Amino acid sequence: MNASKILQQLMQQAGGSQKGGSSSGVDVKGMLSGLSKQLGGSSSKGGSSSGFDMKSLLGGGAMGMLVGSKRGRSMGGKALKYGAIAGVGVLAWKAWQSSQAAKNGNTQQNTAQAASEGERVEVLSGEYQERRSLELLQAMIMAARADGHIDEQEQALITEQIDALGADQEMLNWVERQLKAPLDAQALAREADSPQAAREMYLISVAVTDDQNPMERAWLDQLGSALNLPKEMTAELERQAQQAG
């Protein structure tokens, strides 16, 4: 399974979209033009007879499919926090540092304590990076599904977009299972292999949800509790996500 490659591609999409472009190398416009024709719509008009907001999907390929919805959620708006996705590891670590500074009254962290928190996703390697990538991808998919907007047709399109990023068959099968699995915050939280992993999982969930949506807000609250994150930590993670934009 090549989870780390797919996560890196999604993070690159997020970083490129935040700057107004795409660094994924995927011909997103070409893909969506074909999808629009298959669905009986027209991407040039920014709409589709199936209810897809095709214009919103142009912002980020698979990323757009995960958070785009029939409500026409704006890809450039507050609901999708590109910067938080692109820098999930650093931002989650900064949230921990800020919480420690607030507790201790200074910005110096004990080295042993910091080591026990776990490594950031971007500095992991090998099987450890693969595992963390799966944790974050699972968190992202579950959060994107929290409002119930992803139907079977959209699930198929998401899988196609993930395939376009170079996913192997094992990875595609895994994504399909995640798109159909029950939403279970406790089961998701058990995948976290360190406090840093828990913070990254929560932050990336914040990045693909709209906390003004009651269903998505409820999912974030359930996940934060399941991950054993204190209220002040979830608040700081949400602040970091909002600032990253």
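Which whole-Hz ³J(HN,Hα) couplings does segment 143-148 yield from phi under the Karplus relation 6.51 cos²θ - 1.76 cosθ + 1.60, θ = phi - 60°, glycine and proline marked x?
Karplus-based 3J(HN,Hα) across segment 143-148 equals 5, 5, 8, 4, 8, x Hz.
Please work out the FRET efficiency for the pair residue 217 and residue 242, using the Cβ-Cβ distance as r and a Förster radius of 22 Å; give the result to the nearest 0.05. It would help to have the intermediate numbers written out before the result.
Working: r = 14 Å, r/R0 = 0.65.
Working from the Cβ atoms, E equals 0.95.
Let me check something: with ligands and nucleic acids excluded, how do 128, 202 order by accessible area (1.4 Å probe), largest to smallest?
128, 202
For a test of the definition: using alpha carbon positions, the gyration tensor, and the 1.5 limit on a/c, classify segment 107-245 as rounded, prolate or oblate.
On the way: a/c = 2.04, a/b = 1.32, b/c = 1.55.
The shape class here is oblate.
Just flag the trypsin sites (Lys or Arg not before Pro) in segment 151-216 sitting in loop per DSSP whose Cβ has no more than 16 other Cβ atoms within 10 Å. Walk me through the numbers before you get to the answer.
Details: sites: 177, 180, 190, 199; in loops: 190.
Listed in order of number, the matching sites are 190.
May I ask for the net charge around residue 180, where only other residues with Cβ less than 15 Å from the Cβ of residue 180 are counted and Lys, Arg are +1 while Asp, Glu are -1?
-3
Multiply the residue gap between residue 228 and residue 194 by 0.36 nm, knock off their C-alpha separation, and tell me the result in nm, one decimal place.
Values: separation 34, 0.36 × 34 = 12.24 nm, distance 1.13 nm.
So the chain would gain 11.1 nm between residue 228 and residue 194.
Which percent of the accessible area of segment 173-218 is formed by carbon and sulfur heavy atoms (probe 1.4 angstrom)? All intermediate terms of the calculation are to be shown ahead of the outcome.
Numbers: 950 of 1890 Å².
Roughly 50 percent, rounded to a whole number.
Could you compute the FRET efficiency for residue 101 and residue 180, with r as their C-beta to C-beta distance and R0 at 51 Å, rounded to 0.05?
Numbers: r = 42 Å, r/R0 = 0.83.
E between residue 101 and residue 180, to the nearest 0.05, is 0.75.
The values are calculated or read from the model by the stated rules, or taken from the named source; none is laboratory data. Computed from a prediction, not measured in an experiment: that's the story for all the values here. In this analysis, Cβ positions are derived from the backbone assuming ideal geometry, glycine residues included, and neighbour counts consider all displayed protein chains. Heavy atoms of the whole protein, side chains included, go into the accessibility calculation; ligands, DNA and RNA do not. Shrake-Rupley method; radii C 1.70, N 1.55, O 1.52, S 1.80 Å.
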